[in-house]
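Peer 1: Okay, here's the structure, questions in a sec.
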Amino acid sequence: MTIFVCSKHAGFSQHIDNALRGAGAIRHLSSASLLPKAESGDVYVFHLASFTTQEADAFIPNAIAGPAAVAIADDAPAVSGLLSASESGARAYFNSFMAPQHYVQLLRLLQAGGSWFPPALLAEVFALARAGDVQSRDSAAELGKLTARERELAEFVAEGRANKEIARVCKISERTVKAHLTSIYEKLGVKDRKGLMALLSYRPASASN
């Protein structure tokens, strides 16, 4: 496994070296325009603060189109950044300087085909959406409105998985995933991915008794 670290920040690069020492071959990239060939099982770690928005917008989609997992490091993680990363297809979004043990956990999850997003930010996403039109709705009852395939995809979204990952796991195209999600949003009366994630995280108090 190769970990491609795209960063111009010496402190961040050193932090990655220390956190992932022994986890795999680490290759540092200082340009967002040159994308080295990657293989399945490899990971791209993109340090947002090192590049302009235009550079990030060019690098991330190209990296996501390949076989490697894309992880986005943000010096100041926020809900907007998490949602943007998830929508883009990135499999991880996190604080650039989080503790080494969290980096190790992140890498293990990515290797296992999973995703990693900060629990505190996910909780904030759910809280924001619950303040809207999903409050007091029972997720189990709502899932009954969906077909078996739609329920499967909705639950993957609730786990924070990106469309590309869902397509791979379900062995369908990303276009088909998007079509299913459009149908799911309509049936459940939510506007977007954030609303769906919030709805499926909701459990009425009586359901836990």
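Peer 1: Around residue 162, what is the net charge, scoring Lys/Arg as +1 and Asp/Glu as -1 over all other residues with Cβ under 11 Å from its Cβ?
Peer 2: Combined, the nearby Lys, Arg, Asp and Glu give +1.
Peer 1: Quick check of the Kirkwood formula: for segment 1-51, what is the inverse mean of 1/r over all pairs of different Cα atoms, in Å?
Peer 2: 11.1
Peer 1: So how exposed is residue 75, as accessible area in Å² (1.4 Å probe, rounded to 10)?
Peer 2: 70
Peer 1: Using a cut-off of 15 Å between beta-carbons, work out the net charge of the residues near residue 173 (Lys and Arg +1, Asp and Glu -1, residue 173 not included).
Peer 2: So the environment of residue 173 carries a net charge of +4.
Peer 1: Under 21 Å between alpha carbons: how many lysine pairs meet that in the chain, if sequence neighbours fewer than 8 apart on the same chain are excluded?
Peer 2: Value for the chain: 12.
Peer 1: In addition: In debye to the nearest 20, how big a dipole does the chain give about its Cα centre with +1 on each Lys and Arg Cβ and -1 on each Asp and Glu Cβ?
Peer 2: Using Cβ point charges on Lys, Arg, Asp and Glu, the chain gives about 380 debye.
Peer 1: Further question on the same structure: When all protein chains stay in place, what accessible area (Å², nearest 10, 1.4 Å probe) is found for residue 8?
Peer 2: Its accessible surface works out to 120 Å², give or take rounding.
Peer 1: Just to confirm the filter: which trypsin sites (Lys or Arg not before Pro) across segment 13-44 are DSSP coil and have at most 14 other Cβ within 10 angstrom of their Cβ?
Peer 2: Details: sites: 21, 27, 37; in loops: 21, 37.
Qualifying residues, ordered by number: 21, 37.
Peer 1: Given the C-alpha centroids of segment 60-128 and segment 1-57, what is the distance between them in whole angstrom?
Peer 2: 14
Peer 1: With axes computed from alpha carbons, what is the tilt in degrees of helix 79-88 against the longest principal axis of the chain, rounded to the nearest 10 within 0 to 90?
Peer 2: 80
The values are calculated or read from the model by the stated rules, or taken from the named source; none is laboratory data. Every value quoted in this text rests on a predicted model; they were computed, and no experiment measured them. We place every Cβ from the backbone using ideal geometry, glycine too, and count neighbours over all the protein chains shown. SASA here: full protein model, heavy atoms, side chains in, ligands and nucleic acids out. Shrake-Rupley method; radii C 1.70, N 1.55, O 1.52, S 1.80 Å.
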